[in-house]
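Remarks on the structure that follows.
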Amino acid sequence: QLQASGGGLVQAGGSLRLSCASSGRTFSRYATGWFRQAPGKEREFVSNINWSGDRTYYADSVKGRFTISRDNAKNTVYLQMNSLKPDDTAVYYCAAFLGYRSDYLDPGAYDFWGQGTQVTVSS
């Protein structure tokens, strides 16, 4: 199971760090991604990190502002979000799949999902 946390209300230009914690003992074998969904919009890919943490991927809209990382000793993946914009407002979800998949942009590729955490950026 995955537990996402760290969301909140922040002004534009501010920062938040999201966490995705797993209770599973084999979390280090899973690639983990972050997706977001704004009201009335489809769920969209934000970022992904492979099982070892040496490969990361970002949506163009967040590249240079967000950083994904993981601490396998703590079974946790982080999403550091800087220079937040009102357009970043959404519910953020973490998700995971075992091993490597090339279709990491597709929500359907993920086996497990967290419950979501709300991020609201005011202008």
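Any aspartates and glutamates with Cα under 14 Å of the LYS41 Cα? List them, leaving off those in the same chain fewer than 8 positions away.
Here the aspartates and glutamates satisfying the reach criterion relative to LYS41 are ASP87, ASP88.
What ranking of TRP34, TRP51, TRP113 comes out by heavy-atom accessible area, probe 1.4 Å, highest first?
Per-residue accessible area, sorted high to low, gives TRP51, TRP113, TRP34.
Translational diffusion coefficient of the chain at 10 °C, 1.306 mPa s, Stokes-Einstein with Kirkwood Rh over Cα pairs, in µm²/s as a whole number.
Stokes-Einstein gives a translational diffusion coefficient of 112 µm²/s.
Roughly how many nanometres apart are two label points built 7 Å out from the Cα toward the Cβ at GLN1 and LYS74?
A separation of 2.1 nm, rounded to one decimal place.
Report the residue, chosen from SER15, SER61, SER47, that carries the largest GNM mean-square fluctuation when the chain is represented by alpha-carbon nodes joined by springs under 10 Å.
Looking only at SER15, SER61, SER47, the biggest GNM fluctuation is shown by SER61.
Would you mind getting the accessible area per residue of the stretch 48-107, heavy atoms of the protein chains only, 1.4 Å probe, in Å²?
51
With a 1.4 Å probe and every protein chain kept in, tell me what percent of the accessible surface of the chain is carbon plus sulfur.
46
Any chance you could check the Cα centroid distance between the stretch 1-24 and the stretch 98-123 for me, in angstrom?
About 13 Å separates the Cα centre of the stretch 1-24 from the one of the stretch 98-123.
Suppose we keep just the DSSP beta bridges with both residues in the chain; what percent of those would be antiparallel, to 5?
90
Picking from GLY13, GLY108, GLY33, which is most flexible by a Gaussian network model of the chain using Cα springs under 10 Å?
GLY108
Using the scaling law 2.2 N^0.38 Å as the reference, what is the normalised Cα Rg of the stretch 57-105?
Relative to the 2.2 N^0.38 Å estimate, the stretch 57-105 comes out at 1.28.
The values are calculated or read from the model by the stated rules, or taken from the named source; none is laboratory data. Not measured: the values here are computed from a predicted model. Heads up, the Cβs are rebuilt from the backbone with ideal geometry, glycines too, and the neighbour counts pull from every protein chain shown. Heads up: the accessible areas ignore ligands, DNA and RNA and are worked out on the full protein's heavy atoms, side chains in. Shrake-Rupley method; radii C 1.70, N 1.55, O 1.52, S 1.80 Å.
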